[in-house]
Amino acid sequence: MYLAESRSSASTKVGRRRWRRVPANVVALGVVSLVTDISSEMVTAILPLYLVIGLGLNPLQFGLLDGLYAGATAVLRLVGGHVADRWRRLKAVAGIGYGLSAVSKLGLLAAGSSIAAIGGVLAVDRAGKGIRTAPRDALISLSSKPEALGRSFGVHRAMDTVGALLGPLVAAGVLWASLGDFDAVFVSSFAIACCGVLLLVMLVKDHPRVGPPTAVPLRGMLKLLNIKDFRRCCGWAAALGLVTITDSFVYLALQRRWDVDTALFPLLPIGTAATFLLLAVPLGRLADRIGRWKLFLAGHISLVLALVLLCGPVKSPWFAVAALGLHGAFYAATDGVLPAAAGPLLPEHLRASGMALLQTGQALARMVSAVLVGLAWTLWDLRPALLLTTAALLVVTVAAAVVRPLEEAR
C-alpha cells in the first residue's frame, strides 16, 4: 500500500510539473479561445447546410463565400500584427478582434437570406479573427520558453478545440429547444462571444516590453522576408494553403457521399474536433522533439489520406469516421505547430508582425483554394474535384519536404 501511495504521489507530482511547464498566460488564452470557439462553431456548424441546402447555392457560389470567410480580410492580419507591435499592446489589439467577431453575430440576424448581406457579415467576423490571431499567437510565443513552444501551442489549441467540440452540440441543443429557429443560435452565439471578451480582459496579461513604441512602417513588415528561413516558411505555408481543401467542403463531401441526414450535419465537425483534442498536446510535444516543420508536413499527409477515403471507391461508414479522424489529425499536426516553428525565426519586438505575415499568406491561399475547389466541383462534380485537390496537395507536400527544407531555430 505504501508503495502504491508513493507511486500515486510521484505521478501526481509529475503531472503538476508538466502543467507548470505551461505558462498561466497560455492557459488563460486557451480559456478565452475555448469560449470564443463555442460561439464561432455554433455558427460555422450550421452555415454550410443553410447556404447550400437552405438557400440553394451551387458549389461555386458556396466556394466564393467560403473563400471570403477563409481569407478575404486576411490583410487585416497584417494590420493587427503591425498595430500590436507598434503600440506594444498585444492584449488590447486581440481584444478588439474578439469584440468585432462578437458583434458580427448580431449581423446575421439582420442578413436574412441575402447572400450579399451574409457575405458582409462573414467578412466582419473574419476581420475580427484576422486582427486577433497574430497578437494572440505572439502572446503565446512570448509567454513560453523557446524549447517548449510546441507544447504551449498544443495546450492552447487543445483548449480551443474543446470549444470547437462543444459548439456544434450547443447549436444542436439551441435548435432543438427553439424548434429550429436559426436566429436563436445567432443570439446565443453573440452572448457566449461576449463572455469570451470579458474573460480576456480579466484573465490574460499583456507581455511587457521595455522602451518606446516601435515605429515600424507597415511596409517594413515585408523586410521580415529577408530572413531566409522565415521567408521559406511563409512560402511553403502559402503553397500548401493553395492546395488545402477547406473544412466546409470536407463536410459537404461527407454529407453527399454518405447521405448524412441534415439534422446530423452540424455534428460532423465533432469528429474532427475530438481527434484534434486528443492529439494536439501529444503532437505539440512530439514536434518539440523531432522537429516542428517535419510534423507540419506529416500533418498534410494525413489530410491527403483523408481525401483519398472521401473520393475512394469504398463507401463504408467506417471510412467516413476515419476521414474525420485524419482531418482532425491534420489540424493537430499543423494548426499550432506552424506558429511554433515560425516564432523562433523572428525578432521578439516584431513577433506579432511576423505571425501576421505568415498567417496572411496562408489565409489568402486558402481563399483561392476554396474558389478553385468550388469551380472544379461545379464543372466536373465532386469526385474529380477531390482527386485533383488530393494529387496537388501530395505533390506540394513532397516538394516542401525535399526542396531546400526549412532549418528550424531552437
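We did not get these values from a lab; they are worked out from the coordinates using the rules stated. Just so it is clear, the structure is predicted and the values come from calculations on it, not from any experiment. Neighbour counts run over all protein chains shown; Cβ positions are idealised from the backbone, glycine included.
The eigenvalues of the Cα gyration tensor, multiplied by 5 and square-rooted, give the range 79-132 an equivalent ellipsoid with semi-axes of 27, 10, 5 Å from largest to smallest.
Taking other Cβ atoms within 10 Å as a rough exposure proxy, VAL185, VAL22, VAL395 sort from fewest to most as VAL395, VAL22, VAL185.
Sorting ASP37, ASP181, ASP261, ASP229 from the fewest to the most surrounding beta carbons within 10 angstrom yields ASP261, ASP181, ASP229, ASP37. If you sort the three axes of the alpha carbon gyration tensor as a ≥ b ≥ c, you get a/c under 1.5 for the chain, which makes it rounded. The fewest-to-most ranking of LYS91, LYS129 by surrounding Cβ atoms within 10 Å reads LYS91, LYS129.
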